[in-house]
Amino acid sequence: MNNNVTVLELSGILDGIRGNELRREVSTIMDKGTNILLLDLKNVKFIDSSGLGALVSAMQIVRKTDGQLFICSINDQVKMLFQLTKMDRIFQTFADQEEFNRQVITMQNGVY
């Protein structure tokens, strides 16, 4: 299976305005043939409820194309938000891009 992986690095505050930008970016990325999208949040300082909604919308966009969405490098605030809203059950998260590569890409390429 040939995987087309795209890493999207977000930064700053993920709110309503940035959330709308994220939805458009994800749609464009998926339209170009990506089937695995990794959102790297290492530079995201804060996510509000609109930003959380944008992440859910991004997941829906990815799933409509039979793709997979993963998240990495979340800070403690985002981790707590995910736990409080039960989004930690929806999004598969990784400590960083290296862990994502080890666990997802290596396994999907049949190397264990």
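The values are calculated or read from the model by the stated rules, or taken from the named source; none is laboratory data. The structure displayed is predicted, hence computed values, not measured ones. Note: areas computed on protein heavy atoms with side chains; ligands, DNA, RNA excluded. Shrake-Rupley method; radii C 1.70, N 1.55, O 1.52, S 1.80 Å.
A few points about this structure:
- Taking Leu84, Leu22, Leu69 as the candidate residues, the one with maximal mean-square fluctuation in a Gaussian network model of the chain, Cα springs under 10 Å, is Leu84.
- Extension gain, Asn4-Asp96: 0.36 nm per intervening residue step, less the Cα-Cα distance, totals 31.2 nm.
- The chain - percent of accessible surface contributed by carbon and sulfur, probe 1.4 Å: 49 percent
- Accessible area of Ser73 in the full protein assembly, 1.4 Å probe (Å², nearest 10): 20 Å²
- When the residues Lys45, Lys79, Lys32 are ordered by accessible surface, computed with a 1.4 Å probe over the protein chains alone, the sequence from largest down reads Lys32, Lys45, Lys79.
- For Thr85, the accessible surface of its heavy atoms amounts to roughly 50 Å² (probe 1.4 Å, protein chains only, rounded to the nearest 10).
- Here Met59 sits with roughly 10 square angstrom of accessible surface, probe radius 1.4 Å.
- Rg and Dmax of the chain, based on Cα coordinates, read 13.4, 41 Å.
- Gaussian network model of the chain, springs between alpha carbon atoms under 10 Å - residue of Asp40, Asp76, Asp48 with greatest fluctuation: Asp76
- From the Kirkwood radius over Cα pairs of the stretch 60-110, Stokes-Einstein at 10 °C and 1.306 mPa s returns a whole-number translational diffusion coefficient of 132 µm²/s.
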